[in-house]
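Participant: Here it is, the structure, as structure tokens.
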Amino acid sequence: MMVNGMVALMRYYGGIDWLVHVFTKRIHSKASCEALIGILSFCVTGAIVNNNISVLITSPIARELGDEYKVDRKVLAGIISIFAVTASMVIPQDSAMMMTLQLAGKSTNYLDLIRYMFYPVILMALTFGINYFSAKKSTLSKAE
């Protein structure tokens with residue numbers, strides 16, 4: 001209930017509506033809808049710095065877009081959570097990153113660690129690729 005109130009306030013003041021407006025202009029297919037929902041989840045997580053809250057904020061928006069472009073809700077849930085987690089992995093203010101920096105020592109800074117963060121990049125690339133090819137495959141099978 002509190003998260004729904006926060007989402008309503010964000011929509012009332014236009015914070016998320018601007019992002020949704022910019023993204024929906026670029027949606028032309030099911031694959032682009034999935035990709036842009038992932039990017040939206042990534043951006044909201046980067047702004048809020050809490051992936052759980054950003055998933056709750058992004059979900060109603062993704063549901064509306066997913067219903068319009070006929071994206072399965074399970075796929076939407078996976079995309080939202082994957083991109084929220086990858087964003088929280090690379091944010092320097094995240095609690096896990098702060099703990100990693102503390103354990104690495106005082107001579108280590110964030111830029112020293114980020115070059116070894118290949119897992120979030122691989123995860124996002126695989127998610128984009130798999131969603132793109134599965135959307136293309138479903139489009140081709142419907143055309144036949």
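The values are calculated or read from the model by the stated rules, or taken from the named source; none is laboratory data. All values reported here derive from a predicted model rather than from experimental measurement. All Cβ positions, even for glycine, are placed from backbone atoms using ideal geometry, and neighbour counts span all protein chains on display. Protein only, heavy atoms only, side chains kept; ligands, DNA and RNA dropped before computing areas. Shrake-Rupley method; radii C 1.70, N 1.55, O 1.52, S 1.80 Å.
Participant: How much accessible area per residue does segment 18-119 have, counting only protein heavy atoms and a probe of 1.4 Å, in square angstrom?
Facilitator: Value returned for segment 18-119: 57 Å² of accessible area per residue.
Participant: Looking at the square roots a ≥ b ≥ c of the eigenvalues of the Cα gyration tensor of the chain, which shape do they give, rounded for a/c under 1.5, prolate if a/b is larger than b/c, or oblate?
Facilitator: Note, shape of the chain comes out oblate.
Participant: Let me ask you something else. How long are the semi-axes of the ellipsoid equivalent to segment 57-107, from square roots of 5 times the Cα gyration tensor eigenvalues, in whole Å, largest first?
Facilitator: 34, 9, 6
Participant: Normalised by the residues of the chain, what does the relative contact order come to in percent, with Cα pairs under 8 Å and at least six apart?
Facilitator: 24 percent
Participant: Let me ask something else. Counting only protein heavy atoms, what percent of the accessible surface of segment 1-79 is carbon or sulfur at a 1.4 Å probe?
Facilitator: In segment 1-79, the share of accessible area belonging to carbon and sulfur is 62 percent.
Participant: Using a simple charge model, +1 on the beta-carbon of Lys and Arg, -1 on the beta-carbon of Asp and Glu, nothing else, what dipole does segment 34-144 show about its Cα centre, in debye to the nearest 20?
Facilitator: 180 debye
Participant: Rounded if a/c is under 1.5, else prolate if a/b is larger than b/c, else oblate: which is segment 1-75, with a ≥ b ≥ c the root eigenvalues of its Cα gyration tensor?
Facilitator: Cα axes put segment 1-75 in the prolate bin.
Participant: Right, another one. With θ set to phi - 60° and the Karplus curve 6.51 cos²θ - 1.76 cosθ + 1.60, what are the ³J(HN,Hα) couplings of segment 109-117 in order, to the nearest whole Hz, using x for Gly and Pro?
Facilitator: Calculated HN-Hα couplings, in order: 10, 4, 5, 5, 7, 5, 5, 9, 8 Hz.
Participant: Do the sum for the chain: with -39,500 (n - 2.57) for every DSSP H run of n ≥ 4, divided by all residues, what is the mean residue ellipticity at 222 nm, to the nearest 500 deg cm²/dmol?
Facilitator: Per the formula, -27000 deg cm²/dmol.
Participant: Given 0.36 nm per residue, what is the gain on full extension from Asp72 to Ala47 after removing their alpha carbon distance, in nm?
Facilitator: Fully extending the segment from Asp72 to Ala47 adds 6.4 nm.
Participant: To the nearest 0.05, how large is the calculated FRET efficiency for Tyr13 and Ser107 if R₀ is 41 Å and r is the Cβ-Cβ distance?
Facilitator: Result of the calculation: an efficiency of 0.45.
Participant: Next up: Among the aspartates and glutamates, which have Cα under 18 Å from the Cα of Lys137 when same-chain residues fewer than 8 positions away are ignored?
Facilitator: Those aspartates and glutamates meeting the cut-off are Glu34, Asp72.
Participant: If you don't mind, another one. Rounded to the nearest 10 degrees, what's the angle between the helix 118-143 long axis and the longest principal axis of the chain, both from Cα atoms, 0 to 90?
Facilitator: The answer is roughly 0 degrees.
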